[in-house]
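Input: a single structure, listed below in structure tokens.
The values are calculated or read from the model by the stated rules, or taken from the named source; none is laboratory data. Computed from a predicted model, the values in this text were never measured in an experiment. Here the Cβ is made from the backbone with ideal geometry for all residues, glycine too, and neighbour counts use every protein chain on show. Ligands, DNA and RNA are stripped out before the accessible areas are found, and what is left, the full protein with its side chains, is counted by its heavy atoms. Shrake-Rupley method; radii C 1.70, N 1.55, O 1.52, S 1.80 Å.
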Amino acid sequence: MDDRAIGIFDSGVGGLSILRQIRALLPNEDLIFLADQAHVPYGQRALHEVRTFAHSITNFLLDHHAKTIVVACNTASAAALKDLRSTFPSIPFVGMEPAVKPAAETTQSQVVGVLATPATFQGKLFASVVERFASNVTVLEKTLPGLVDQIEQGDLDGAKTREILEQGILPLLEHGADTLVLACTHYPFIIPLLSELAGPGVQVIDPAPAIARQTGRVINQHDLSAPPEKHGQIDYYTTGDPVRFEELSKSLIDEPGIVRQVFWRRKKLVLPDC
Ligand code: DGL
């Protein structure tokens, strides 16, 4: 038994789509969530820059007694997961891997569309997932410029969000994609709009429930589970505006917890009174 928290991070509110599923599956676990909103979006940044952020955030979460770390960001997983595992060998990490495997297994048309950030497509992880699991199907890559910003502003179905999504998925549908993989953790929040625009013949794959199950397996294997009768608490940190974060997170997932602001200082994260 281990009372310490599960640390979860993302560039912004996207990781809340993962937190929500972890919370539902493991309500006895304390969670610490960090949103690096000072740097969102990560998707257009160089991989080495995102890697630097991911290292500092991991150090911050470990300083706050995280027992395991969920990299709830495809971009940060592409940029840093391998590196994080070798830098912190005693810490179990759970990372995001584009859900190309279930898509390749279930597509009828043999054409799969993957929605992700440019950095995620650049990383070696994506190429290796496609090579390992989708050599028999056509995999179409699509970035959706501006969509993360729209979601960060809480605009899940306004005109601009609709236009970005429509323009993004149209070529995929025209090429026969019947399966869309959400390979950015912000995107599950626009599933209702995506399903409406794509139509009933298209399946949308959200990896968040599988990531929550994987987190459960990992803490079990490492004997890190919290006592089953415990009621887990959530602590949120943002490098952006805590008031806005609280409002937005409430409207997205409504999982209460204290929200604190944290600052970047010389590439490290520090609390206001440090
Ligand atoms: N939510 C993130 C991801 O899964 C990052 C999006 C961004 O900051 O560009 O890729």
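Choose one of ILE205, LEU252, ILE219: the residue whose Cα lies farthest towards the positive end of the charge dipole of the stretch 204-265 (beta-carbon charges +1 Lys, Arg; -1 Asp, Glu; about the Cα centre).
Projecting each Cα onto the dipole axis, the largest value belongs to ILE219.
Non-local amide H neighbours of LEU34 (under 5 Å, H modeled in plane, Pro and chain starts lacking H): which ones?
Excluding prolines and chain starts, which carry no amide H, the hits are ILE8, PHE9, ASP10, TYR237.
Got a sec? Charge dipole of the chain, +1 on Cβ for Lys and Arg, -1 for Asp and Glu; which of PRO89, ALA46, HIS175 is way out at the positive end?
The residue sitting farthest along the positive end of the dipole is PRO89.
Which value, in debye to the nearest 20, gives the size of the charge dipole of the stretch 196-250 about its Cα centre, when Lys and Arg are +1 and Asp and Glu are -1 at the Cβ?
200
For the chain, give me the percentage of DSSP beta bridges that are antiparallel, rounded to the nearest 5 percent.
10
Can you give me the C-alpha center-to-center distance between the stretch 230-253 and the stretch 89-148, rounded to a whole angstrom?
Using only Cα atoms to place each centre, the spacing works out to 28 Å.
Run the numbers for ASP3 and THR87: contour at 0.36 nm per residue of separation, minus the present Cα-Cα distance, in nm.
Contour length minus the Cα-Cα distance gives 27.8 nm.
Is there a quick way to get the dipole size of the chain? I mean about its Cα centre, with the Cβ of Lys and Arg at +1 and of Asp and Glu at -1; what is the value in debye to the nearest 20?
820
Expressed in nm to one decimal, what extension gain is obtained for the pair GLU174 and VAL218 from 0.36 nm per residue of sequence separation less their Cα-Cα distance?
11.9 nm
Applying the Karplus parametrisation 6.51 cos²θ - 1.76 cosθ + 1.60 with θ = phi - 60° to the phi angles of the stretch 124-135, what ³J(HN,Hα) value in whole Hz is obtained for each residue in order, glycine and proline being reported as x?
After applying 6.51 cos²θ - 1.76 cosθ + 1.60, I find 5, 4, 4, 4, 6, 5, 5, 5, 6, 10, 9, 5 Hz.
Once amide H atoms are placed 1.01 Å from N in the peptide plane, what residues at a sequence separation of 5 or more from LEU140, or on another chain, have their amide H within under 5 Å of its amide H?
Amide H to amide H, under 5 Å and 5 or more residues apart or across chains, LEU140 pairs with VAL112, GLY113, VAL114.
How many nm separate the modelled label positions at THR138 and ALA210, each set 7 Å beyond the Cα in the direction of the Cβ?
Result for the modelled spin labels: 2.3 nm.
Can you list the HN-Hα couplings for the stretch 178-195, worked out from phi with the Karplus curve (6.51, -1.76, 1.60; θ = phi - 60°), rounded to whole Hz and with x for Gly and Pro?
For the stretch 178-195, the Karplus-derived couplings read 10, 9, 10, 9, 8, 10, 8, 6, 6, 5, x, 6, 10, 4, x, 5, 4, 5 Hz, x marking Gly and Pro.
Select from GLU152, GLU141, GLU131 the residue whose mean-square fluctuation is largest in a Gaussian network model of the chain (Cα-Cα springs shorter than 10 Å).
Greatest mean-square fluctuation among the candidates belongs to GLU131.
Carbon and sulfur atoms: what percent of the 1.4 Å accessible area of the stretch 112-182 do they account for?
49
What FRET efficiency, computed as 1/(1 + (r/R0)^6) with R0 = 35 Å and r the Cβ-Cβ distance, is obtained for LYS250 and GLN167, rounded to the nearest 0.05?
0.70
Provide THR52, THR58 ordered by accessible surface of protein heavy atoms (probe 1.4 Å), highest first.
Per-residue accessible area, sorted high to low, gives THR52, THR58.
Report relative contact order for the stretch 66-128 in percent, whole number only (criteria: Cα-Cα under 8 Å, sequence separation at least 6).
Across the stretch 66-128, relative contact order equals 39 percent.
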